[in-house]
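Structure below; questions to follow.
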Amino acid sequence: MARETPDTYTAVDLGSNSFHMVVARQAGGRLQVVDRMKEMVRLAGGLDAQSHLRGEVIERAIACLQRFGQRLADVPADNVCAVGTNTLRKARNRDEFLVRAQAALGHRIDIISGAEEARLIYLGVSHSIDGNGGRRLVMDIGGGSTEVILGRQFDPELLESLYIGCVGMSQEFFADGRIDAPRLRAARLAARQEFEHIEEPYRRIGWDSAIGASGTIIAVRDIVVRHGWCDEGITPAAIEALERALIAAGRVDALALDGLDPERAPVFPGGVAILAAAFESLGIDRMRASSGALREGLLYDLLGRLHDADVRERTVADLERRYDVDAEQADRVAATANALFEQVAPAWQLDPDDDGRLLRWAARLHEIGLCISHGQYHRHGDYLLRNLDLAGFTRGEQVTLATLVRAHRRKLPALDSLGLPNDAQRRVRALIVLLRTAVVLHRSRARTALPPVIVEARESALKLRFPDGWLDAHPLSRADLAEEADYLKAIGFKLKPR
């Protein structure tokens with residue numbers, strides 16, 4: 001059943017060039033935008049040689065998020081989705097930044113992978129344009145990365161996130177503000193090298209229409225149309241005319257192009273070079289521009305989660321099928337883990353939605369590593385879940401899911417060695433105990449249902465009360481639970497079956 005929620009939804013995109021916020025309400029089955037905020041923070045430009053965010057860009061970002069946070073003061077937390085992209089994926093001091101950023105915004109900020117960013121961009125574009133059933137090529141040139149997607153309707157088929165963006169490209173080739181033909185050619189060639197490995201598969205599959213979704217592409221569209229270089233959209237000839245105009249200006253601060261926001265000018269030459277390389281590499285003959293992008297995709301993805309159309313459920317089901325997971329065993333373990341969870345969640349302060357779902361998904365996938373080998377299969381499962389592109393999952397959720405699978409059997413690893421943030425370790429430790437207990441109780445893989453188990457939770461202890469005589473009648477289960485109690489004792493946790 002869909003949850004009752006207020007009808008206001010908000011997406012916040014901490015991009016490498018700009019921070020965006022979109023506020024919308026649901027009307028007539030669609031999302032209607034009621035407010036937008038955008039600030040050029042240029043996060044990517046604040047990375048030093050060691051990939052640390054510099055102090056001045058951090059302060060600029062925090063000030064922006066405080067303004068966003070004031071607008072979000074009355075929006076329910078469940079109706080807000082905030083994500084960081086390429087620069088925050090790279091920043092080595094992102095955890096320290098996120099502590100301050102989340103306090104400023106008043107909401108959690110998740111880091112998403114390049115593939116997840118591409119999926120959400122495609123979703124946002126697909127909801128923002130008229131669909132004709134044909135295959136689309138969608139491209140978004142961000143500050144730190146460029147996403148290229150092929151798909152039909154609302155379903156992406158091929159996703160790529162390339163390590164080039166308008167900020168990085170402009171810093172590398174136009175840092176001193178000069179623009180000339182050799183620099184543009186060099187930037188275009190560098191961008192073509194990034195497109196090289198996707199050129200053949202994308203051209204082979206083909207598409208019926210090409211759509212661009214980013215500030216750079218919208219600016220290019222506005223400029224070429226206003227200057228009469230193209231009647232509609234963007235063409236190769238229009239890009240060539242734009243390049244000539246950039247060379248004629250000679251400097252970034254001398255650019256006087258109708259349709260170019262002065263704030264975008266410093267990163268515009270790099271963005272044009274990437275777009276020109278894309279047209280050349282992929283053989284694009286015309287591209288439309290769409291206002292829908294990552295934040296709109298976030299809104300529709302959020303709406304789906306709130307109304308029980310969570311793409312993560314489909315991702316987990318796809319993984320079960322692809323890796324031949326024993327569905328019956330997975331369902332048994334998931335049901336028992338859920339029964340334990342419901343009894344301990346209040347005492348351990350676990351969230352019924354976020355924590356409960358992660359535990360259920362980990363239970364369904366805890367044996368995924370068997371597709372590689374039975375030996376150390378929990379480690380194989382950790383590797384798969386940590387490195388696969390999991391549609392719908394944030395980076396933090398993916399790491400937590402992999403950690404639960406890694407820790408579901410044998411000796412427990414140190415949580416601080418598995419990439420978990422400190423504030424998540426208490427919660428993940430509790431989920432590990434529940435998953436391990438459920439796995440132990442179903443070690444025999446028997447189809448016979450377990451008896452009702454009454455659970456009593458303390459801060460570092462779990463008491464399991466079975467019906468009278470059940471443990472005596474199942475000595476192997478008693479031995480398994482005693483062995484598990486020894487494993488948990490190593491981390492200062494007591495498991496007491498009786």
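The values are calculated or read from the model by the stated rules, or taken from the named source; none is laboratory data. What you see is a predicted model, and the numbers here were worked out from it, not measured in a lab. Don't worry about glycine lacking a Cβ; one is built from the backbone with ideal geometry, like all the others, and counts go over all protein chains shown.
Output the number of the condition that Ser291 fails; it satisfies all remaining conditions of (1) surrounded by fewer than 16 Cβ atoms within 10 Å (Cβ to Cβ); (2) touching a residue at least 60 places away in the same chain (Cβ under 8 Å); (3) out of contact with any Ser or Thr (no Cβ under 8 Å at 6 or more places or on another chain).
The failed condition is (3).
Looking at (1) of a type outside the set (Ser, Thr, Tyr); (2) in contact with a helix residue (DSSP H, G or I) (Cβ under 7 Å, 6 or more places away or on another chain); (3) on the phi > 0 side of the Ramachandran plot, can you tell me which one Gln376 breaks?
Unmet condition: (2).
Test of understanding: among Gln343, Gln376, which residue is over 30 Å from Cys166 (Cα atoms), touching a residue at least 60 places away in the same chain (Cβ under 8 Å) and among the polar types (S, T, N, Q)?
Gln343
Quick one: Cys371 ticks every box in (1) touching a residue at least 12 places away in the same chain (Cβ under 8 Å); (2) crowded, with 16+ Cβ neighbours inside 10 Å except a single one, so which number is it?
(2)
From the list Asp389, Asp416, which one is touching a residue at least 24 places away in the same chain (Cβ under 8 Å), surrounded by fewer than 19 Cβ atoms within 10 Å (Cβ to Cβ) and not β-branched (Val, Ile, Thr)?
Asp389
With respect to Leu384, is the statement that it is modelled with pLDDT of 95 or more and out of contact with any Asp or Glu (no Cβ under 8 Å at 6 or more places or on another chain) true?
yes
Considering only the stretch 288-297, I want to know if a residue exists there that is in contact with a His (Cβ under 7 Å, 6 or more places away or on another chain), outside the structural domain of Arg357 (by TED's automatic domain parsing) and outside any loop (DSSP other than H, G, I, E, B).
Looking for residues that are in contact with a His (Cβ under 7 Å, 6 or more places away or on another chain), outside the structural domain of Arg357 (by TED's automatic domain parsing) and outside any loop (DSSP other than H, G, I, E, B), one finds at least one in the stretch 288-297, hence yes.
Considering the stretch 253-273 alone, what residues qualify as being touching an Asp or Glu at 6+ places or on another chain (Cβ under 8 Å) and crowded, with 19+ Cβ neighbours inside 10 Å?
Hits for the stretch 253-273 are Ala265, Gly270, Val272.
Additional query: Considering only the stretch 223-235, I want to know if a residue exists there that is assigned to a strand (DSSP E or B) and assigned by TED's automatic domain parsing to the domain that holds Ala186.
Among the residues of the stretch 223-235, at least one is assigned to a strand (DSSP E or B) and assigned by TED's automatic domain parsing to the domain that holds Ala186, which makes the answer yes.
A follow-up question, please. Is it true that some residue in the stretch 139-147 is surrounded by 22 or more Cβ atoms within 10 Å (Cβ to Cβ), over 16 Å from the mean Cα position of the chain (by Cα) and of a type in the set (A, V, I, L, M)?
yes
Out of the stretch 321-334, which residues are surrounded by fewer than 17 Cβ atoms within 10 Å (Cβ to Cβ) and touching a Leu at 6+ places or on another chain (Cβ under 9 Å)?
Asp324, Asp326
Shifting gears a bit: For the stretch 1-111, which fully contained helices (runs of 4 or more DSSP H) count at least 2 residues that are over 21 Å from the mean Cα position of the chain (by Cα)?
Result: 55-71.
Continuing with the same structure: Residues of the stretch 131-144 being at pLDDT 95 or above and either under 12 Å from Ile218 (Cα atoms) or polar (S, T, N, Q) (or both), which ones?
Met139, Asp140, Ile141
Continuing with the same structure: So, Ala256, is that one in the same structural domain as Gly144 (by TED's automatic domain parsing), closer than 30 Å to Val41 by Cα and outside any loop (DSSP other than H, G, I, E, B) or not?
no
Is it the case that some residue within the stretch 441-457 is of a type in the set (A, V, I, L, M) and in a helix (DSSP H, G or I)?
yes
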